[in-house]
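Heads up: the structure comes next, in structure tokens.
The values are calculated or read from the model by the stated rules, or taken from the named source; none is laboratory data. Model, not experiment: these values are computed from the prediction. In this analysis, Cβ positions are derived from the backbone assuming ideal geometry, glycine residues included, and neighbour counts consider all displayed protein chains.
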Amino acid sequence: MRSQAMFFKARVGDKLADPVLQENLGKAKSKFVDARARAVAEYERDEGADFESLREAGRAIRNRTLANLDVWLETFEQKAGERGAQVKYARDGEEICRLVVEIARRHGVTKVVKSKSMLSEEAGLNKALAEAGIQPVETDLGEYILQINDNEPPSHIIAPAFHKSKEEVAELFTRTHGRPKKSGIEEMTREARETLRSHFLSAGMGISGGNFLIAETGSVTLVTNEGNGRMVTTMPKVHVVITGIEKVIPTLEDFATLMRLLPRSATGQHISNYVSVLTGVKRPEDLDGPEHLYFILVDNGRASLLGTEFQEMLRCIRCGACMNHCPVYQTVGGHAYGWVYPGPMGSVLTPLYTGIANALDLPHAATLCGQCSVVCPVKIPLPELLRGLREKQVDMDLRPKSERLALRLWGWVARRPSLYGLAAKLAVRYLNWLAEGRDRIPLLGIAPEWTKGRDFPAPQGRTFRELYAERRRREGR
Amino acid sequence: MQAREDILFRVRAALGRSDRNRHEGETDVQAAFAARAQGPRPQLGADLAARFRHECGVQSSTLDEVAALADVPAAVARYLAERGLPPRAVVWPKYAGLPWAAAGVEAEARAARDEDLVGITGCFCAIAETGTLMTCSAPDTPPSTSLLPETHIAVVPVSRIVAGMEDGWALARAELGELPRAVNFISGPSRTGDIEQTIVIGAHGPYRVHLILVREG
């Protein structure tokens, strides 16, 4: 998928002015937040259950494999191979597409059913498959809705159609399925089930992502509610797993710990409906299951984060809590971010995976309120990473001239205390004059853009230094 | 192979890999496998069956209870009649020998097909913490039975209820040795929240999950 992240500001304007999107976001935004809060509170009702220590454990598990990622990957490879899986690697999206098309051709596959895989979005896999004459069918309800809407990109990593209303979905369904228009969500879901069932049973290959890879057993784990993940990995003869090299964890016990964190952080469930741990291929006497299993382990920028200040981002378990709790995401939705991953995690990943110069606005699309890092199940310090990216932009000379000049000027003044005092004094007087006795300034002459969306608070009285000096005088010191 | 070598080279370079710290890495892998350390876990108290029943309610599974395995077919017949479902089902080969005909249930032991309305399975064990079935694939316990039919009925021996997922893994290691192809943890009927974040029961898997607890040891 080609990144559109450089157009963030223009897109935000469109999204804010879109009344349908604003209504849809308004309806959806508190649901995940409330559900997570409830789930965490319910977890802590049991004796000895403390979500904070769980988060600490999740962080340690993810750090452990990242610290020796090469050795863990080799271990996983060996274990998976022992059970009949083939492990392949892809450097980038193009290589993912090439490998998947090759595998499909080798097995004579003409139709592929897909369970949600964000990496296949990174690669633009559906387009590549279609061009190779292989029909890709998305089976996660949200992804399916977007696919039949002319391959619209997802706006949320766990709820891809987060931005759509049920009326829009009903319209799409009647247009695509040629059936009478439904009004209820239950009826629409049944219609999708009936349509997709025949695809599950006729496809030659299933493609899934992977929530985790377990080194101890060479397994991939899948977490879904709809059961499409199970379908895709049970019914077709070939199963291809596409996942990032950073997803490996040590043991089944570690998986148990992470499964206490992931569903609660994502949807506020105690556990997702279906959690599958899949190891190797169908055994000769088994009545169902795929005969061929391939892993495609993808770099696409991940290795370049290792050993840097951004390595912590590789702990991410893709729960979506950071975007659910982000005031910016809640206001502009996921499409404004312009690539596969929206919200705070996307604002960190997009510049790092697609180039810092190609996503200049994203690290600034945050108020640094810190809510994302408070809810992150593996304690990624997202605001610090965003700040780190802002610093990188300065180091790389990517900030606008006016901003660089202004900051240099400020730095020069700030190093001269008496000049600084005078400037502050003048500024306060000027702002007070602008405020005309009110406590807010509706239009700031030197930064009109800034006051477009909010008022500038007027300073109250004199500067801190003036007040401090006066107090010392009064106290006779 | 070039991609593999390239990626591993990049990873090693980024980690500052040397012969010496490579050994440390390998030691850490072995230590993790030897210890299989558990993370923080909630204490559930002694009555695991009560907790399991409660959590099943949270997951929208329904419950019944019988004294012995031989009572299961009659309980199935009763459930199907109450729901107005035909007394026909695909069952795990593992349970082919139960007295189905005597209870008036037409049971076929094979993998499930699209047209099957009712699938009857057991479980490897059940997890009290979350009201979850742990199922393990094998020739006599195919996974499709709990997936394709709209109604899934599962037999849960009370003696097989354990506290958490970690206990399920310990049982699997002790009884099965290596993991089967598919371990599926099932917690209630399938659902989706993909349209307006409104939860709807019944997506691609079953609409109904009915659990029959069996008391005998």
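Here are the numbers for this structure:
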| item | result |
| --- | --- |
| Candidates B:A107, B:A126 - the one that is over 15 Å from B:P206 (Cβ atoms) and without any contact (Cβ under 8 Å) to a residue 60 or more places away in the chain | B:A107 |
| Looking only at the range A:226-246, and only at residues there that are of a type in the set (S, T, N, Q) and in contact (Cβ under 8 Å) with a residue 60 or more places away in the chain, the one that is farthest from the other protein chains (Cβ to nearest Cβ) | A:T243 |
| Residue within the range A:247-266 that is aliphatic (A, V, I, L, M), over 22 Å from the mean Cα position of the chain (by Cα) and either farther than 21 Å from A:R62 by Cα or facing chain B (nearest Cβ under 8 Å) (or both) present | yes |
| Residue check for A:A424: on the phi < 0 side of the Ramachandran plot and either outside any helix (DSSP H, G or I) or in the same structural domain as A:N63 (by TED's automatic domain parsing) (or both) | no |
| Residue ID - farthest from A:L69 (Cα to Cα), chosen from residues in the range B:12-33 that are under 36 Å from the mean Cα position of the chain (by Cα) and at the interface with chain A (Cβ under 7 Å from one of its Cβ atoms) | B:F33 |
| The one condition in (1) part of a helix (DSSP H, G or I); (2) modelled with pLDDT of 90 or more that A:A28 fails to fulfil | (2) |
| Count of the range A:249-268 residues which are over 16 Å from B:G39 (Cβ atoms) and either buried (at least 23 other Cβ atoms within 10 Å of the Cβ) or not assigned by TED's automatic domain parsing to the domain that holds A:H292 (or both) | 2 |
| Hey, A:I103 assigned to a helix (DSSP H, G or I), within 10 Å of chain B (Cβ to nearest Cβ) and at pLDDT 95 or above or not | no |
| Residues of the range A:364-374 classified as in a helix (DSSP H, G or I) and surrounded by fewer than 22 Cβ atoms within 10 Å (Cβ to Cβ), total | 4 |
| Leading residue by the ranking (farthest from A:A49 (Cα to Cα)) among those in the range B:44-62 that are within 19 Å of the chain's Cα centre (by Cα) and outside any helix (DSSP H, G or I) | B:T62 |
| Checklist (1) assigned to a helix (DSSP H, G or I); (2) among the hydrophobic types (A, V, I, L, M, F, W, C); (3) at pLDDT below 95 applied to A:I96, failing item | (3) |
| Which numbered condition A:S402 misses (of (1) loosely packed, with under 11 Cβ neighbours inside 10 Å; (2) at pLDDT 90 or above; (3) under 36 Å from the mean Cα position of the chain (by Cα); (4) assigned to a helix (DSSP H, G or I)) | (2) |
| Test: residue in the range A:423-436 that is in contact with a strand residue (DSSP E or B) (Cβ under 9 Å, 6 or more places away or on another chain), touching a residue at least 12 places away in the same chain (Cβ under 8 Å) and loosely packed, with under 11 Cβ neighbours inside 10 Å | no |
| Whichever residue in the range A:49-77 is aliphatic (A, V, I, L, M) and at the interface with chain B (Cβ under 8 Å from one of its Cβ atoms) and, among such residues, is farthest from A:A303 (Cα to Cα) | A:A49 |
| Any hit, the range B:63-81, residues being under 14 Å from B:P189 (Cα atoms), modelled with pLDDT of 95 or more, more than 15 Å from the chain's Cα centre (by Cα) and not polar (S, T, N, Q) | yes |
| Search result, residues across the range A:267-283 that are closer than 27 Å to B:D28 by Cβ and over 21 Å from the mean Cα position of the chain (by Cα) | A:V277, A:L278, A:T279, A:G280 |
| Filter result (under 14 Å from the mean Cα position of the chain (by Cα) and within 7 Å of chain A (Cβ to nearest Cβ)) within the range B:181-216 | B:R181, B:A182, B:V183, B:N184, B:F185, B:I186, B:S187, B:G188, B:S190, B:G205 |
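Every residue, every condition in (1) assigned to a helix (DSSP H, G or I); (2) under 10 Å from the mean Cα position of the chain (by Cα); (3) assigned by TED's automatic domain parsing to the domain that holds B:S61; (4) among the aliphatic types (A, V, I, L, M), yes or no:
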site: B:E129; (1), (2), (3), (4): no, no, yes, no
site: B:D140; (1), (2), (3), (4): no, no, yes, no
site: B:H152; (1), (2), (3), (4): no, no, yes, no
site: B:V155; (1), (2), (3), (4): no, no, yes, yes
site: B:D167; (1), (2), (3), (4): yes, no, yes, no
site: B:R173; (1), (2), (3), (4): yes, no, yes, no
site: B:E178; (1), (2), (3), (4): no, no, yes, no
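Here is a yes/no grid of residues against (1) in a loop (DSSP other than H, G, I, E, B); (2) among the aromatic types (F, W, Y); (3) surrounded by fewer than 23 Cβ atoms within 10 Å (Cβ to Cβ):
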position: A:G280; (1), (2), (3): yes, no, no
position: A:D288; (1), (2), (3): yes, no, yes
position: A:I296; (1), (2), (3): no, no, no
position: A:M313; (1), (2), (3): no, no, yes
position: A:R318; (1), (2), (3): yes, no, yes
position: A:Y341; (1), (2), (3): yes, yes, no
position: A:G346; (1), (2), (3): no, no, no
